[in-house]
Structure formats: structure tokens, C-alpha cells
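Notes for the one structure printed next.
Only the coordinates and a few stated rules stand behind these numbers; no lab work does. The model shown is predicted, which means the values in this text are computed figures rather than measured ones.
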């Protein structure tokens, strides 16, 4: 190849260099502009969030909760009630799914030194011993226990249906008619339960109390309850969150006035339906 055939060397002109520099300056400027806009947007959103939080915290309270949150809980209750049916059962599981050992959670109303031999269940003034309860048909179920804190586990319960106890000692009706379990809407609307020391208490709507999976349990995972799980008798109600599953239940009351509820008094949903 001759000297004349060599490719010519192309040199950048000052104009081309200026264009590249200008492009670089434009990109840097755009990045700074977007960064400023993002910072302003984030700041505005944060300020709005803080303002909304301060507004919410300054609202009047209804049963321990600011009224906007209470309205949300009431909306959840309406949805849960609309979905509820005595014929809609919670899923049941195979024994291989059982969590062992069962988690221990919550100890209000429990005393490790409680005299189990002195325990009786008072149902609207009539007292039953654990032997009395064991004479009723035994039921077992393997269901999911759901805690309002967000965890859950599969548990096997053994005991008697609350409905079977209520058939022996029926609740009064609102119109004074004869109790008829085929027409439970005539019963008074609620069932209240308390521990022996009355430190823990829950309220149930009558429909949930009569659900076929609502048990008074004296066994967990095939073994008698220990005191941490609520011995000698506790409520196992899978249609409700764990806060309703009262341990060491000792009193049951039928009432047409919504009963007090330990966690509802502390801002939680009274109904607590799933």
C-alpha cells in the first residue's frame, strides 16, 4: 500500500468537542433537577404522612381507638358477619400437619398454682364439673389457630361442642318462647365468658357460639391441657382470632347486651371474625 493510499486521519473539531461537553452538562443538570424534584416530592409526601398521622392521633376516641380506625374495624366486622355461616366450616388438616409442641401464648387469667380439683364451669348459675362435661359427646378437630399478631399453627383439639353444653343448659329467648336450636335467632344475642379470677374475659355473638366447630376443649394434640394452655377447659373457636380463645374458662353467661371483652377494651376489634 502506498503512502497516498493510507486512510486520512480525522481530527475532532472544536465544534464537536463543544457538543459533547454541552451534552454532558445537560445530563448532569437533568440529574440534579430530577434529584431536587425527587427530594421535594419525598419531603412533601413525608410531611403529608406526618400531618395525616397527627390528624388521626388527635381524633376523638371510641372504645380506646381513634374514630376513623374504629370505623374501619366496624367495616371489617360487617364484612365478617356477612361472610359468616354456621354451615361454612374452617379447613381441617391431616395429623401430619400438627405443630408440636403447641405454641404457648398469653397468660392473663392463669395461675400456675391454681387448684384444678376446685374448678367448676358455671353456666348461667348451674355448675358443671369436668366429669359432667366429659359425659357429652367428644369431638376432635385439627384446625388452624390464628393469632392476631400474625402467626398461625395447626392444632388438634379435643372436647365437646359448646352447642352441646348449651343444649343441656339452653339460653333464654328474646321473646320468652321455648328455646329452639333450629331457630337460634330467637335466643339472646351474646355469650360472655370469664376466667376463674375474672382477669380475662371475652364476648361472643350467639351465631359464633353455636358454630359446629366451637369447642370447649380439654385436650390439645391428643394430651390433656396443661395450665399454660388453659387447663382444665378452654375455648377453641377457629372462626375467631386467638384472642377470643379464652383459657381456663370458668363462667358462661347468656345476655342480650354485648359483653365486655378484654382486648376490645384495649382497642381491638370486638367481633374478631375470620
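Based on the alpha-carbon gyration tensor of the range 217-257 and its eigenvalue square roots a ≥ b ≥ c, which shape applies: rounded if a/c is under 1.5, prolate if not and a/b is larger than b/c, or oblate? Intermediate results must be reported in sequence, preceding the final value.
Values: a/c = 2.56, a/b = 1.65, b/c = 1.55.
Cα axes put the range 217-257 in the prolate bin.
Take every Cα-Cα distance within the range 61-266, group them into 10 Å bins from 0 onward, and report for each bin the whole-number percent of pairs it holds.
Percent of Cα pairs in each bin: 8, 34, 38, 17, 2.
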